[in-house]
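Following: one structure in structure tokens, then a few remarks.
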Amino acid sequence: MPGLRERKKAATRKAIHDGAIRLFGEQGFAGTTIDQIAEAADVSRATVFHYFPTKESIVFGDAPQAIAALAALLEDAPEVVPAVREWLRGLTGWIEPDLQLQRRLAREVPDIAAHRLRVLDGIEDVVAEALTRELGAGAELAARLAAAALIAGFDVVEDVAVERMASEGRALEPAEIDALLDRAVAFARAGIAALRAG
């Protein structure tokens, strides 16, 4: 269990992220200043930049910490693909109304779109490294292809989830999220099986 200091840091990071997301939704990304975000989170401007180096990075919350946690998880995972699925399913704040705003901002703001691609690339690199260990020597290309397929599948899951939330005006139920994730996992597993057979 994290110590008091780590819990306080996580709470501060969440307060900054949540305050910024609310302001971005109300005022737009360009119309929101770091000073306003600091005030919403009841921290200093310097504290905002201590936790998030750029305004764009705030949109994605604790993505660096989540990717580091994924890398640690995959060190001991017996099978990579289902472990990635469970990691994604357990992410706090994933597939909820915030996601709709994140995706919209990525469409509207090129810097946010670029940052999102860097986040996805970071996840893909971690997954590819783990798959290389799982598939064995000489499987680097196969691992990268499988990792790219898995991340592309999860990206489509996000798209579908956002479309459903927008059209139905509600958050998805856990069973609906699980069904979408299972489709992405099945797609990735089929690709890995084909690469192994080839």
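Here are a few things to note about the model shown:
- Looking only at region 161-175, and only at residues there that are surrounded by fewer than 16 Cβ atoms within 10 Å (Cβ to Cβ) and assigned to a helix (DSSP H, G or I), the one that is modelled with the lowest pLDDT: PRO174
- Of all the listed residues (GLY90, GLY138), the sole one being farther than 25 Å from GLU163 by Cβ, surrounded by fewer than 18 Cβ atoms within 10 Å (Cβ to Cβ) and assigned by TED's automatic domain parsing to the domain that holds ALA186 is GLY138.
- The helices (runs of 4 or more DSSP H) located wholly in region 1-52 that include 2 or more residues which are in contact (Cβ under 8 Å) with a residue 40 or more places away in the chain occupy 4-27.
- The single condition from (1) part of a helix (DSSP H, G or I); (2) within 19 Å of the chain's Cα centre (by Cα); (3) surrounded by 18 or more Cβ atoms within 10 Å (Cβ to Cβ); (4) not polar (S, T, N, Q) that PHE60 fails is (1).
- Only one of the numbered conditions (1) among the small types (Gly, Ala, Ser); (2) touching a Leu at 6+ places or on another chain (Cβ under 9 Å); (3) farther than 21 Å from THR12 by Cβ is not met by ALA72, and that is (2).
- Evaluation of ARG183 against (1) of a type in the set (Lys, Arg); (2) without any contact (Cβ under 8 Å) to a residue 12 or more places away in the chain; (3) outside any loop (DSSP other than H, G, I, E, B) (one fails), failing number: (2)
The values are calculated or read from the model by the stated rules, or taken from the named source; none is laboratory data. Note that this is a predicted model, so its numbers are computed, not measured. With ideal geometry, Cβ positions are generated from the backbone for all residues, glycine too; neighbour counts draw on all protein chains shown.
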